[in-house]
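Peer 1: The structure follows.
The values are calculated or read from the model by the stated rules, or taken from the named source; none is laboratory data. Bear in mind that the values here come from a model prediction, so they are computed numbers and not experimental data. Neighbour counts run over all protein chains shown; Cβ positions are idealised from the backbone, glycine included.
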Amino acid sequence: MKCPCGCGRTIELLVIEEAKPRWDLDLDAGGLPSLSPSVWLTSGCKSHFWLKRGKVIWV
Ligand SMILES: [Zn+2]
């Protein structure tokens, strides 16, 4: 996914069971994705946000 702050960075999130750190990706009935836990970039733009039902919620 692209970083939602607009910096153009591509964020790679691992959703496979064995990965660390990893995220849980849920799709609701409408196909909207939710991620948990939140995404926090420790370098670059330092974005910290949740993805809930396809919407970015900034921390
Ligand atoms: Zn960014």
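Peer 1: Counting only residues that are over 14 Å from V56 (Cβ atoms), at pLDDT 95 or above and of a type in the set (A, V, I, L, M, F, W, C), which one in the stretch 1-43 is nearest to the ligand (Cβ to nearest atom)?
Peer 2: Among those that are over 14 Å from V56 (Cβ atoms), at pLDDT 95 or above and of a type in the set (A, V, I, L, M, F, W, C), it is L27.
Peer 1: Between a first residue in the stretch 1-27 that is in contact (Cβ under 8 Å) with a residue 24 or more places away in the chain and a second residue that is assigned to a loop (DSSP other than H, G, I, E, B) and of a type in the set (F, W, Y), which pairs have beta carbons less than 6 Å apart while being 6 or more apart in sequence or on different chains?
Peer 2: L13/W23
Peer 1: So which residues in the stretch 20-46 are under 9 Å from the mean Cα position of the chain (by Cα), surrounded by 13 or more Cβ atoms within 10 Å (Cβ to Cβ) and in a loop (DSSP other than H, G, I, E, B), if there are any at all?
Peer 2: Passing the criteria: W23, S38.
Peer 1: Let me ask you something else. Among S43, S34, which is free of Cβ contacts under 8 Å to residues at least 24 places away in the same chain and within 14 Å of M1 (Cα to Cα)? First the steps, then the outcome.
Peer 2: Details: S43 fails: within 14 Å of M1 (Cα to Cα).
Result: S34 is the single residue among S43, S34 that is free of Cβ contacts under 8 Å to residues at least 24 places away in the same chain and within 14 Å of M1 (Cα to Cα).
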